[in-house]
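Below is one structure; the comments refer to it alone.
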Amino acid sequence: MKIDIPQEKKLVHSMTIPMRWGDMDAMGHMNNTVYFRYMETARIEWIVSLGIAPNPQGEGIVIVNAFCNFIRQFEYPADILVRTYVSHPGRSSFDTWVTMAHANAPDVLCATGGATMVWLDFPKQRSMALPERLRRIFD
């Protein structure tokens, strides 16, 4: 099943991640699990850049689902451009979308993915309204 990323979304973060030799599998291309690790790396860098450090005693963002569409293989060596987008803000959640491409061919997508994020009160384990500082990113 392929999940398409929406046309209407806002670019919020870009970063380049150098592929490591150990990211390959026995077939000589990047292991499928590593795509999720790169999406996580980009997502965490973006969240920290907003001043939202993880706080298990307070509030923060959690992922309630995640997916990846594998389009083309990455083979070592490669510098991977990871772009993160946001859309669909709700009361307590929003969607993130990711594209991955070779840094030297940024318009040729090798993977797309995404995750739904929920703002959570960790001690109560309940969702809560997105804070205004986070909601502003959608403007």
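The values are calculated or read from the model by the stated rules, or taken from the named source; none is laboratory data. The structure displayed is predicted, hence computed values, not measured ones. Here the Cβ positions follow ideal geometry from the backbone for every residue, glycine too, while neighbour counts run over all protein chains shown. Note: areas computed on protein heavy atoms with side chains; ligands, DNA, RNA excluded. Shrake-Rupley method; radii C 1.70, N 1.55, O 1.52, S 1.80 Å.
Listed values for region 75-86 are Karplus-derived 3J(HN,Hα) couplings in whole Hz (6.51 cos²θ - 1.76 cosθ + 1.60, θ = phi - 60°), namely 10, 6, x, 7, 9, 9, 8, 10, 10, 10, 10, 10, and x replaces Gly and Pro. One chain, two ends: N31 and F122. Fully extended at 0.36 nm per residue, the span grows by 29.5 nm beyond their Cα-Cα distance. Extension gain for the segment R136 to R20, taken as residue separation times 0.36 nm less the Cα-Cα distance, is 38.2 nm to one decimal. Taking Rg/Rh (Cα atoms, Kirkwood Rh) as calculated from this structure, the corresponding entry among (i) 0.99; (ii) 0.97; (iii) 0.92 is (i). With respect to the chain, whose longest principal axis is taken over its alpha-carbon atoms, helix 32-49 is tilted by about 40°.
Label reach from D79 (point 7 Å along Cα→C-beta): in region 15-49, amide nitrogens under 11 Å belong to 16-19. When only Cα pairs below 8 angstrom with a gap of at least 6 residues are kept, region 1-101 shows a relative contact order of 42 percent.
What FRET efficiency, computed as 1/(1 + (r/R0)^6) with R0 = 22 Å and r the Cβ-Cβ distance, is obtained for K2 and E59, rounded to the nearest 0.05? Mind showing how you got there, number by number?
On the way: r = 34 Å, r/R0 = 1.53.
The calculated FRET efficiency here is 0.05.
For I71, nonlocal amide neighbours, meaning residues 5 or more places apart or on other chains whose placed amide H falls under 5 Å from its own, are A111, T112. Using a probe radius of 1.4 angstrom, the carbon and sulfur fraction of the accessible surface of the chain is 52%.
Between amide H atoms placed 1.01 Å from N, distances below 5 Å from H13 occur with T84, all of them 5 or more places distant or on a separate chain. Computed from backbone phi, the HN-Hα couplings of region 95-109 come to 9, 10, 10, 9, 10, 10, 8, 5, 4, 8, 9, x, 9, 9, 6 Hz, rounded to whole numbers (Karplus: 6.51 cos²θ - 1.76 cosθ + 1.60, θ = phi - 60°; Gly and Pro given as x). Residues whose amide H falls under 5 Å from that of G90, counting only those 5 or more places apart or on a different chain, are absent, with hydrogens built in the peptide plane.
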